[in-house]
Structures are given as structure tokens and as C-alpha cells.
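Everything on this sheet refers to the single structure shown next.
The values are calculated or read from the model by the stated rules, or taken from the named source; none is laboratory data. Please read all numbers here as calculations on a predicted model, not as lab measurements. Here the Cβ positions follow ideal geometry from the backbone for every residue, glycine too, while neighbour counts run over all protein chains shown.
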Amino acid sequence: MDDLAGFLRTRRSRVDPAAVGIPTDSRRRVEGLRREEVAHLSGVSVDYYVRLEQGRATQPSEQVRDALARVFGLNETERGHLDRLACQRRRRAKAPGGRVRPELLRVLGLVSDAPAWIMDHRLDILAANRLAKLLYGRPIPGLNAARHVFLEEAERGLYADWEQCTLDAVGHLRLAAGTYPEDPRLASLIGELAMGSERFRRLWARADVRARTHGPKAYRHPLVGLLELHQENFALPDEPGMELLVLSAPPGSPAEDGLRLLAGLAPDNEAAQPAANARVRE
């Protein structure tokens, strides 16, 4: 699903030669750096770097990875992704099963004033509280967030910043593909998205990786209007690939009023137990 050679090619194409001290003129036709320029700047032979980009060399040393990360200006997330791609053939992480412990469901049920759900590395929503269901206007355990963003056209209006959501989704799936390269369900999802969405195909070809841990997230709910919320992602200990996502509103804000109104849309006697899909761990 993802490979070191493709990642290196996309990173090379994005480096401004002038930023690394290479003069350019109007005759230059290469986007980004040339292969020989990367080799020179990173201190490796041209032949070796060419073999890296052709997939004939697949396990560069940590020293080489350090040099390439410096030349390409990789951030922490991208550098971690580079390391995983370089080590794939030595150790391949087994894809998590996606089962939710009952104790986690109990904790999720304690979150009553904010939409919250548990999501896996494929962006499958495994369990959700009542406010999350009301936010999406449907039972969301079993829903895949990437499929929802890219393929369900009728739902696009829910996301106030749809384009940013697509960037986040693709970047997250890229990270997942680098971590779990032999996950058939993830490969199938990526293929489905590529077949069904031109935007997904364009973004996937860029090979960007993102690890979103917190930040603004806005929704346009058809009944309560704009909800400008803050998203926090909590990695769950001993549950590889799983995160607890919580959307909160600043005190006294219109978004807080909107969530309160949203909470009142369902009967008070609705079960407080968070919904989950059938794959709950016993």
C-alpha cells in the first residue's frame, strides 16, 4: 500500500533548490531536486540513492535516514513514517483486531456533554456516545470516517471545512498504511476510496502523512447550525491504532449552546449506554 521509494520521490519533488543553496535558472525543468542533488546533499552515492527511489535498496541505515530527513525538511510525523517504511521488511506490525473492551465503553458512557467516539487506524468508528450519534444524525458505530467524507456526497455539508477534513483523512490513512502494510481491510478501503473519489486519488498520490492529535473541528448541523468545536485525540494504552476522540466547546460559546440544544433533541429516557458495533471484546 505504501513504499519507501514513492515517499522519497514525492519528498524530493517538494524541496525548493534555492532553499538548500542550489542556484536555479529558467532552463531548469525538474520539479524540486534532482536525484544527484539529493545524493550530494545527503552524503550518499548517486547510484545508491537511485536504487532507493527504484525500490532496489529498501533498508537505508539510520544515518542515511537522518541525512535524507534533513535534506527533505521532514517534520516529526514524516520522519517517523520514513523510519517505518525503511524497517517494514524487518518487522511488520500485525493489524489490530478492532475489538472494544467493555471498560472502554463504560468510560465512553461517562462523557455526556460532548460528542465522543472510539476510532481505529482505518478510521472505522467502533463505539460512540449519544451526542456523537446526534451530531451525525445516525447510528455511527460501523461508519468509516474516510468513506463518509469522500463518498457520501449527501453528508458533505456536515463538515464546515470539508477540504481540511479530506487532507486529515488521507494523511491519517497514509500513516496507517505505513504502520500496517499487510492489513487487507485497510488495502480494500484505500482501493474503494481511490475508485470512488478523484480528490482522494489526487491527495493519495501526494504521499502526505498527518498525525492529528488536537485542533479545531467545525460542523454545520442541519438543526442547530454551526458548531465550532475543539477535537482532542487520545491514544488508548494497550489498544494499538485506537483513539478516543472528544469534541468540546469553549464555555459560554455559541457552540456550547448548540451542543446543549443538540442534546435536547433526543428523549431524556434514551439509553445512556454508548452504542458499539458487534465486535466488542468479552
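Restricting attention to the stretch 67-76 and to residues that are in a helix (DSSP H, G or I) and surrounded by fewer than 17 Cβ atoms within 10 Å (Cβ to Cβ), the residue that is farthest from the chain's Cα centre (by Cα) turns out to be Arg70.
Take the conditions (1) under 30 Å from Gln231 (Cβ atoms); (2) at pLDDT below 90; Val20 misses just one of them, which is (1). His172 passes every criterion in (1) touching a residue at least 40 places away in the same chain (Cβ under 8 Å); (2) surrounded by fewer than 20 Cβ atoms within 10 Å (Cβ to Cβ) apart from (2). Go over the candidates Pro139, Pro96 one by one and state the one that is assigned by TED's automatic domain parsing to the domain that holds Gln231 and either touching a Ser or Thr at 6+ places or on another chain (Cβ under 6 Å) or assigned to a loop (DSSP other than H, G, I, E, B) (or both). One residue alone meets the criteria, Pro139. Sub-6 Å Cβ pairs linking a first residue in the stretch 204-221 that is surrounded by 14 or more Cβ atoms within 10 Å (Cβ to Cβ) to a second residue that is among the aromatic types (Phe, Trp, Tyr), at least 6 apart or interchain, are Ala207/Phe7, ordered by first then second residue. Of the residues contained in the stretch 42-52, one or more are found to be assigned to a loop (DSSP other than H, G, I, E, B), surrounded by fewer than 18 Cβ atoms within 10 Å (Cβ to Cβ) and not β-branched (Val, Ile, Thr). Restricted to the stretch 156-243, the set of helices (runs of 4 or more DSSP H) holding at least 2 residues that are modelled with pLDDT of 90 or more, touching a helix residue (DSSP H, G or I) at 6+ places or on another chain (Cβ under 9 Å) and closer than 23 Å to Val100 by Cβ comprises 162-179, 184-196. Criterion applied to Leu110, Leu104 was being within 30 Å of Asn129 (Cα to Cα) and surrounded by fewer than 17 Cβ atoms within 10 Å (Cβ to Cβ), and the one residue passing it is Leu110.
Residues being in contact (Cβ under 8 Å) with a residue 60 or more places away in the chain, surrounded by fewer than 19 Cβ atoms within 10 Å (Cβ to Cβ), under 30 Å from Lys217 (Cα atoms) and of a type in the set (Lys, Arg) are represented in the stretch 88-100 by at least one member.
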